[in-house]
Amino acid sequence: MGAALRDSLWPSDRRGLTPADERRLIERVRPAFSERLAVLRIEQSLTAALHEVYLPLAAWVAGQKNSEPLVLGVNGAQGSGKSTTCDLLQLILNNGFGFRVAVFSIDDLYKTRAERETLARAVHPLLVSRGVPGTHDVQLGLATLQALKGGAGEVALPSFDKAMDDRRPKSEWPHFQGPADIIVFEGWCVGARAQAEADLARPVNQLEAEEDPDGRWRRYVNDQLAGDYAALFARLNALIMLKVPDLASVYQWRSLQERKLAARLMEHPAAAARLMDAVALRRFIMHYERLTRHMLEDMPSRADLTLCLNARHQFEKILIKR
């Protein structure tokens, strides 16, 4: 993400840090922060955001914490920068504030390829594509949250291989050594609410018009949101949204992700064969379009904190619920 920031980006009365505290935190965090940017291959100019965005964001998160583990939801459309934001937030909360932070993604809860193929045969062919509500193992998510909140001990965090479009064997899952002070649960539809029935009547794109003309797929997805997913998202204590400017930005940023993935998989032909060209990627994003549009309208008024991005992938405005 870019780092063109204004001094007024974060409301001065909501930073939650004294100048002296901020100087000490910057001194404590800066080396690890810069090192992480290098690992993530992010231009070093993003360090400007440490003062203006990430430190006050970490202070805000710390302010939500009480005696119980905090479950923080982070929502954002494809390509918005959720993973990077959560990675840097984890680093600061750990190194700067001394919190033990576990991070996992709703993307790692996708049903296996075989499970989605069964679902596609039983309910609707579009459900073979990972992404929409109904294609995740919600019970696995609930069990993971419960284990992380349960105190000390080692917890296996689910892991999904997007290049292979399947869940990794449990023996390859990463482990978190508890207890967790803060649990960050991130994902494109985290915290989303179901749409009104009337809003499902008309298709929003070519995919829905041609492959879901009777609305069976989108109604199934919506029913999942109103049911099991609502129970999962009810576990959140606070919600942050990374708000994208429009759907065109989602396509552009998600295309960039696909190109980066392709570069990493050049030596793995079987995995590279599953990468999407421009046509396939556009169709894939259409699966997400309805709910993305809905969240852009519905979530900013509900999220506890909204980080607004502009078309250049820069932080433009921060909204905090009073």
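Any read-out appearing in this document is the output of simple, stated calculations on the displayed coordinates, not a laboratory observation. Everything numeric in this text was worked out from a predicted model, so none of it was measured. Ideal geometry is used to build each Cβ from the backbone, glycine not excepted, and the neighbour counts take in all protein chains shown.
Could you tell me which of Ala238, Ala58, Ser249 has its Cα farthest along the dipole of the stretch 12-320 towards the positive end, charges placed at Cβ (Lys, Arg +1; Asp, Glu -1), taken about the Cα centre? The listed residue farthest towards the positive side: Ala58. Sorting Arg216, Arg28 from the fewest to the most surrounding beta carbons within 10 angstrom yields Arg216, Arg28.
Cα centroids of the stretch 163-233 and the stretch 275-322: 14 Å apart. Relative to the longest principal axis of the Cα atoms of the chain, helix 138-149 runs at roughly 20 degrees.
Just add up the charged neighbours of Leu309: K/R +1, D/E -1, any other residue whose Cβ is under 13 Å from the Cβ of Leu309.
Details: positive: Lys82, Lys243, Arg312, Lys317; negative: Asp246, Glu316.
Result for the neighbourhood of Leu309: +2.
What 222 nm value per residue comes from the helices of the chain, counting each DSSP H run with n ≥ 4 as -39,500 (n - 2.57) and dividing by all residues, nearest 500 deg cm²/dmol? Result for the chain, helices only: -12000 deg cm²/dmol. DSSP beta bridges fully contained in the chain are about 40 percent antiparallel.
In a reduced charge model with +1 at each Lys and Arg Cβ and -1 at each Asp and Glu Cβ, the stretch 39-182 shows a dipole moment near 240 debye about its Cα centre.
Sorted fewest first by neighbouring Cβ atoms within 10 angstrom, Arg193, Arg41, Arg24 come out as Arg41, Arg24, Arg193.
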